[in-house]
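Single-structure report; data block below.
The values are calculated or read from the model by the stated rules, or taken from the named source; none is laboratory data. On a predicted model such as this, the values are computed, not experimentally measured, just so you know. Virtual Cβ from ideal backbone geometry, glycine too; neighbours counted across all protein chains shown. When the accessible area is computed, the model is the full protein with side chains, heavy atoms only, and any ligands, DNA or RNA have been set aside. Shrake-Rupley method; radii C 1.70, N 1.55, O 1.52, S 1.80 Å.
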Amino acid sequence: MAKILKHGISAEAAHEADVKVQQVVAGILEDIRQRGDTAVRELSIKFDNWDPPSFKLSEAQIEEIVASVDPQTIEDLKFAQEQIRNFAQHQKDALKDIEVETLPGVILGHKNLPVNSVGCYVPGGRYPMVASAHMSVLTAKVAGVKRIIACTPPINGELPAETITAMHFGGADEIHIIGGVQAIARMALGTETMEPVDMLVGPGNAYVAEAKRQLFGKVGIDLLAGPTEVLVVADETVDAEMVATDLLGQAEHGPTSPAVLITTSEKLARETEIEIGRQLETLETADIASVSWRDYGQIILVDSHEEACVEADKVASEHVQIMTDNDDFYLENMTNYGALFIGPRTNVAYGDKVIGTNHTLPTKLAARYTGGLWVGKFIKTVTYQRVVTDEASALIGDYCSRLCAIERFWAHKAQADLRVERYGA
């Protein structure tokens, strides 16, 4: 039976925090609905101390920024984007249009059509989340999206040159320097200076995720990708240094990022907790990671791989690192996760930055019902129907008429009856 050796904050406390975020976001969205760009600019000044003549960068500004970036960084960005583009293209190639004749004279089909316009949010704040530009902008480009708007906040009043460069190389049609809920609302609702988009994608903090949740329906969203999460499933075949390193690798994202260890080894559990304390003494981001581990870190002790798998599916983490003597068992049996990282030779940072899979993944238990962002999220699979013979129309119409009568849909029935009358023998 699973035993919790370290608890995070209570579910009640987490819910109270969520409610506060919901209320703040609702107020901001309503303000922007009412006052448009005026509200957006006031919020940008309030939260980012950012008040440029235009939030949108000109082509000349973009060219100047790209030229300022170190050549090695340019090479690294292009390498990462090539990996992500390659995998996204393979995924797109797996999506096929179909057309079949299901009955003589009855032709059904589906087509895969890209969304027309997408707003891609790339987080900033404490860290310039350069890789998120690849994951959203570039993937939308591979999907064939016609209009791609990219937004990212300034960092300490400065333009995030590497992020802007990644957006540009990824294929953004417009780049705007603006962050937070105000960026999300501006793209979704539209203002005097921006046409609204059809879909929002990209990760962010709790406020950004909540803004996407509240705007869903007005626009499409990829998923609720809030504060990052990591789950490490490990046994005695791996050491505490590696487990602690992989947990803190995500805990440093922010003070509300859950980091969970599920293990069959009590010895590893105890050693990992000690090792985390040791690493926090020298970690440059310990001010954040220590709070995250204190408030949201958990250690769960289990008796077997089977029980570990059950507990892991309950956690339904965004990132799941598997390091055991039977890694394939988890690949074959786990059902709730954003992405799996299998074996000690891989890790979440590879997926976050460069290996080729998308790092925008479900959080807050959303892995129970959705996967992460991928090229298919930007594509609508739409159906069409064509009846090409009189006999087929009369046959379908005869069945349809009786089925409509059962439901008392008389105008529907009339549509079918007219076809039977016109095309029947």
Go through segment 407-425 and report how many residues are part of a loop (DSSP other than H, G, I, E, B) and under 20 Å from residue 390 (Cβ atoms). 2
What do you reckon, is residue 183 open to solvent by less than 10 Å² (accessible area, probe 1.4 Å) and not acidic (Asp, Glu)? yes
For residues in segment 186-207 being surrounded by 24 or more Cβ atoms within 10 Å (Cβ to Cβ) and of a type in the set (Val, Ile, Thr), which is nearest to residue 153 (Cα to Cα)? 201
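Any chance segment 216-236 includes a residue that's free of Cβ contacts under 8 Å to residues at least 12 places away in the same chain, surrounded by fewer than 19 Cβ atoms within 10 Å (Cβ to Cβ) and either in contact with a helix residue (DSSP H, G or I) (Cβ under 9 Å, 6 or more places away or on another chain) or not basic (Lys, Arg) (or both)?
Within segment 216-236, the first condition is being free of Cβ contacts under 8 Å to residues at least 12 places away in the same chain, and the residues that meet it are 216-217.
Okay, now just the ones that are also surrounded by fewer than 19 Cβ atoms within 10 Å (Cβ to Cβ), so 216-217.
Those left that are additionally either in contact with a helix residue (DSSP H, G or I) (Cβ under 9 Å, 6 or more places away or on another chain) or not basic (Lys, Arg) (or both): 216-217.
Looking for residues that are free of Cβ contacts under 8 Å to residues at least 12 places away in the same chain, surrounded by fewer than 19 Cβ atoms within 10 Å (Cβ to Cβ) and either in contact with a helix residue (DSSP H, G or I) (Cβ under 9 Å, 6 or more places away or on another chain) or not basic (Lys, Arg) (or both), one finds at least one in segment 216-236, hence yes.
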Might you let me know whether segment 109-131 holds any residue that is closer than 29 Å to residue 71 by Cα and of a type in the set (Ser, Thr, Tyr)? yes
Does segment 364-406 hold any residues that are of a type in the set (D, E, K, R), part of a helix (DSSP H, G or I) and over 18 Å from residue 315 (Cα atoms), and which are they? 377, 390, 391, 398, 402
Segment 25-44, residues that are open to solvent by less than 50 Å² (accessible area, probe 1.4 Å), in contact (Cβ under 8 Å) with a residue 24 or more places away in the chain and not small (Gly, Ala, Ser): 25, 28, 29, 32, 37, 40, 43
Output the residue which, of all residues in segment 161-176 that are over 20 Å from residue 194 (Cβ atoms) and not hydroxyl-bearing (Ser, Thr, Tyr), is most open to solvent (accessible area, probe 1.4 Å). 162
Show the residue pairs meeting these rules: Cβ distance below 8 Å; 6+ apart or different chains; first residue within segment 134-150 and free of Cβ contacts under 8 Å to residues at least 24 places away in the same chain; second residue among the aromatic types (Phe, Trp, Tyr) and open to solvent by less than 10 Å² (accessible area, probe 1.4 Å). none
Matching entry among 124, 36, 119 (being under 23 Å from residue 154 (Cα atoms) and in contact with a Leu (Cβ under 6 Å, 6 or more places away or on another chain)): 119
Entirely in segment 245-363, the helices (runs of 4 or more DSSP H) that have 1 or more residues that are of a type in the set (Phe, Trp, Tyr): 286-296, 327-333, 348-353
Take segment 1-24 and flag every residue that is open to solvent by 50 Å² or more (accessible area, probe 1.4 Å) and free of Cβ contacts under 8 Å to residues at least 12 places away in the same chain. 10, 11, 12, 15, 16, 20, 23
So which of 79, 55, 47 ends up being closer than 19 Å to residue 176 by Cβ, open to solvent by 90 Å² or more (accessible area, probe 1.4 Å) and either of a type in the set (S, T, N, Q) or touching a residue at least 40 places away in the same chain (Cβ under 8 Å) (or both)? 47
Return the total of residues in segment 154-191 being part of a strand (DSSP E or B), farther than 28 Å from residue 218 by Cβ and not hydrophobic (A, V, I, L, M, F, W, C). 1
